[in-house]
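Below is one structure, written out as C-alpha cells; the observations come after it.
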Amino acid sequence: MGRSIAIAAFLIGSSYLAIAYNIPTRAAEDPVGPRMYPMLLGGAMLLISMMLWMEAQRAVPVAAAPVDPLLQRRQRLGIFGAAAAAVAYALTLESVGYLLTTFLLMLGVTSAFHRGKLATNLAVSLGTATFLYVGLKRFLGVPLPSGILSFLG
Amino acid sequence: MESLPYMIDGFAVALQPTNLMFVFVGALLGTIIGILPGIGATAGIALLLPLTFGLEPVSALIMLCGIYYGSSYGGTAASVLINTPGDGTSVITVFDGYPMARNGRAGAALAVAAVGSFVAGTISVIALSVLAIPFASVALEFGPAENFMLMVFTMSAVSAFTGGSLAKGMFSVFFGLMIATAGIDLQSGQERFTFGFPTLQDGVPFLSIVVGFFALTEVLYQIKAWYAGELKPIKISGKLWCTPEEWRRSIGPITRGGVIGFLVGILPGAGGIIATVLSYATEKRLSKHPEMFGKGAIEGVAGPEAANNSSVSGNLVPLLTLGIPGSGVTAVLLGAFIMYGIQPGPQLMQEQPALVWGLIDSMYVGNVILLVLNLPLIGLFVRILYLPSGILMAGILVVALTGVYSVNNSITEVYLALGFAVVGYFFRKAAIPVAPLILGVVLGNLMEQAFRQGMTISGGDPLIFLSTPVCLILAAFTLFSLLAPTAQHIWSRRRPSAKSLV
C-alpha cells in the first residue's frame, strides 16, 4: 500500500507540475505570477512522493489479519451497489425529479441494508423524501426539480 | 478585563430568542450526531451546512458551533455503550467507559461525562473570552510574511500530529493546497486547473469536498461494517447517576482535564485527541490505583471527557482571533464562515464584535443547554443507537447528496462530491489523514495571496519570510513540529515502558 501511495503522489505531482508549467504568464505581472506557486506545490509533491517511498521501504511488514474472501466480496458488491445507486440518482435527478429519485434511492438502500422490513422501508423512504422536498422547496425556497411529478407543484 | 463590555454586548446577541433556539438545535443535533457511530463533528457540520443557508450568518454559525461542542459530548454515549467511538476524540473514553458499562455503571459514566463536559466547557469558554482580545491584538501586527509563516506552521503541525505518518500528512495537506489552486487567479485573472469546467472557475466547491470526504466516505465504511456485523449496542442498566464517592474521585480529573484540553486545543494540529490522551495519561500517573485504568476507572472517563469538551473552545481561539484553523473541524467551520462571506481574524473582532462575541457567549448558553439536555434525556438519546444501520446509511446518503445539490442546483457539484468520496475511501483505507487536506483547501488561497504579497513587497526575495523575529520563531516552530514525531518515535523505541501509560 505504501509504495502505491508514493507512486500516486508522484503521478499527481508530475501531472500537476506539467499543467502548471503551461500556465501563461505576462511580463508585467507581480514577481511571482500565476505559475510559480503551483510549480512549488508540484515540486513539493514530488519530494513527498520520495518521502512516502522511503517510508514504505523502511516499513516493517506486518502479518495481515486473516480475511474472509466471501465477506470481502460481499462488502465490495455492497459498496459498488451503493455507489452505482448514487451515480444513477445524480444522472436522473433533474429529469425524473427530486421526490421520486430520492424516494427510490432511499428505498433501494434501505431494502439492501434493512432487509425484510418492506413496510418500514417504504414508510421511511416516503417520509424522508417528502420531508426534505417540502422542507427545502416550500420553507427554504430551494428550487428542487419536480421532473415527471411536476403536477404536484 | 478588556473583553467585559464586548461580552455583555455578546450576550444581547446570544440571548435573542432566535439565537437561543439555534443554540438549542445545534447542541441537540450535535449530541445526536456525536452518538451516531463514526460520523463525528466534521462530517456532521459538513452534512448540515447546506441546510443553514438562508439563515442569518450569526444564527447559522451559532448553530454550527453548537453542533461542534454537542457532538463532543454525544460521542461519549457511543464509546460507553457500544465500544465504538463516535469520532477520534472519544477513543480514550472507550478504555474505561465501556468496562464501566459492562460493570453496570453506564449511567454513571454518562453522567460524569455530562457534568465534566459542562464544567470544563465553561472553564474553557471563560479562557477563550479572556484570551481573544490579546491574541487578536498580536495578530493585527502581522504582515503577509508573518501570515504566510503562520499558515506554514499550522499546516506542518496538523500534518505531523493528525496521523501516524508525517509523509502521509504532508501528502494530504499538499493535495488540499493543489485543489485550492483551481479557479481564476485573483491577481492575473488567469484560469488555472479548471479543465474547461465553468463550475471550477470559482474554485472547487468546498461543500463537495467536505461532503465527499466525510459524509459519503462514512456511508461506504458503514456498508463495510454492516456486512461485517459490527456495531452491536448494549442496553443501559443501573441508575443514571454517580455515587458520592464517584463524584469525589471525578472533581480533580474534570478540573485538570478542563485546563489541559483548553491549552492543547489552542495548539494547531493537537486538538481533542491529544488533549484526551494527555489527560488520561495524567490521571493514570496521579492515581493511587493505576491498575484500575482500563477496567472501569471513573477518572479515566471524567478527565478525558472534560479535556475533549474544553479543547473545542481552545480550538476556536486561533480560528476566531487569527483566522487560522488548527484542526479538521475548525477548518470546516472556517469554510462555513467564508461561505457566509465572513473572514475570521483580528479584523473581524474589530469590525463585527457582535458576531464574534455573540458566538462566544452562545457557548456559555450552549454548555448549560447541553447539561440540561443530556442529564435527563440521555436514556432517550441512546435509543438512537438502536436505529437500524440500513436506515441510517440511507438517510446520510440522501441528506448529503441533497445538501450538495441544493446549494447551487448544480449536478456537477454532486458528481464532484461522489468523486471525492471515492478518493476519501482510498485515503481512509491507506490511513491518510483528511484533516490536513481540508486545512490545505481552506487556507490555500490565503496562503498563496500572502506568499505573493510578501514576494511583491520584497521584489522577489524569498528571505522576507525569515526577515522578522516573528517569522523566525514561526519557522523554528515549523521545524520543531516536523521533527517532533521522528524524535518521539526514537524516544518511544528507547523507552517502551512509556507506552504503557496510555
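We did not get these values from a lab; they are worked out from the coordinates using the rules stated. As the structure is a prediction and not an experimental result, all values here were calculated from the model. Cβ: placed from backbone, ideal geometry, glycine included. Neighbour counts: every protein chain shown.
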To the nearest 500 deg cm²/dmol, what mean residue ellipticity at 222 nm is calculated for chain B from DSSP H runs of n ≥ 4 alone, each contributing -39,500 (n - 2.57), summed and divided by the residues? -24500 deg cm²/dmol
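On average, how many beta carbons from a partner chain sit within 10 Å of the beta carbon of a residue in B:401-407? Write down the numbers at each step before the final one.
Values: counts 7, 12, 2, 1, 9, 8, 1.
For peptide B:401-407, the averaged partner shielding equals 6.
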To test your reading of the geometry: what angle, between 0 and 90 degrees and rounded to tens, separates the Cα axis of helix B:411-429 from the longest principal axis of chain B? 60 degrees
At 15 angstrom or more along the helix axis (alpha-carbon based) and mean Kyte-Doolittle of 1.0 or higher, what helices does chain A contain? Whole DSSP H runs only. A:2-21, A:98-113, A:118-133
Can you compute the FRET efficiency between B:Leu466 and B:Arg428 using 1/(1 + (r/R0)^6), with r the Cβ-Cβ distance and R0 = 41 Å? Round to the nearest 0.05. 0.65
Values of log10 I(q)/I(0), in the order q = 0.10, 0.14, 0.18, 0.24 Å⁻¹, for the stretch B:296-400 under a Debye, Cα-only, solvent-free model: -0.45, -0.83, -1.09, -1.20
The simple spin-label model distance between A:Thr92 and B:Glu245, using points 7 Å out along Cα→Cβ, in nm, is 6.3 nm
Report, in whole Å, the centroid distance computed from the Cα atoms of the stretch B:174-189 and the stretch A:1-72. 17 Å
Relative contact order of chain B, please, whole-number percent, based on alpha carbon pairs below 8 angstrom and at least 6 residues apart. 27 percent
Normalising by the residue count of chain A, find the relative contact order in percent from Cα pairs under 8 Å and 6+ residues apart. 21 percent
If you find the alpha carbon centre of the stretch B:43-70 and of the stretch B:452-489, how far apart are they in angstrom? 34 Å
On a 0 to 90° scale, report how tilted helix B:271-286 is relative to the longest principal axis of chain B, with both axes built from alpha carbons and the result rounded to the nearest 10. 40 degrees
Which angle between 0 and 90 degrees, to the nearest 10, do you get for helix B:17-35 versus the longest principal axis of chain B when only C-alpha atoms count? 70 degrees
Please report Rg over Rh for the stretch B:365-426, where both radii come from the alpha carbon positions and Rh follows the Kirkwood definition. 1.17
Here the equivalent ellipsoid of the protein assembly as shown, derived from its Cα gyration tensor, has semi-axes (largest first, whole Å) of 35, 32, 27
Could you tell me the relative contact order of the stretch A:69-152? Use alpha-carbon pairs under 8 Å, at least six residues apart, and round to a whole percent. 37 percent
Label-point separation, A:Leu47 to A:Thr25 (7 Å along Cα→Cβ), nm: 1.9 nm
Lysine pairs with alpha-carbon atoms under 20 Å apart, the protein assembly as shown, spacing 8 or more or separate chains: 10
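Which value, to two decimals, describes the C-alpha radius of gyration of the stretch A:69-152 once divided by 2.2 N^0.38 Å? Don't skip to the answer; put the middle values down first.
Working: Rg = 14.7 Å, N = 84, 2.2 N^0.38 = 11.8 Å.
In units of the globular-protein estimate, the stretch A:69-152 measures up at 1.24.
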For the stretch B:124-227: rounded, prolate or oblate by the Cα gyration tensor [a/c cutoff 1.5]: oblate
Let me confirm one metric for peptide A:36-45, namely the mean number of other chain beta-carbon atoms within 10 Å of its residues' beta-carbons. 5
R0 of 56 Å, Cβ-Cβ distance B:Ser458-A:Leu122: FRET efficiency to nearest 0.05: 0.25
How many nm is it between the label spots at B:Phe480 and B:Ala228, if each spot is 7 Å from the Cα in line with the beta carbon? 3.8 nm
Quick note, the stretch A:1-112: a/c under 1.5 would make it rounded; otherwise a/b > b/c is prolate and the rest oblate (a ≥ b ≥ c, C-alpha gyration tensor); here it is oblate
Taking trypsin sites (Lys or Arg not before Pro) as candidate sites, keep only those in a DSSP loop with at most 16 other Cβ atoms within 10 Å, then name the longest stretch of chain B containing none of them. B:1-234
For every helix of n ≥ 4 consecutive DSSP H residues, a contribution of -39,500 (n - 2.57) applies; sum these over chain A, divide by its total residues, and give [θ] at 222 nm rounded to the nearest 500 deg cm²/dmol. -24000 deg cm²/dmol
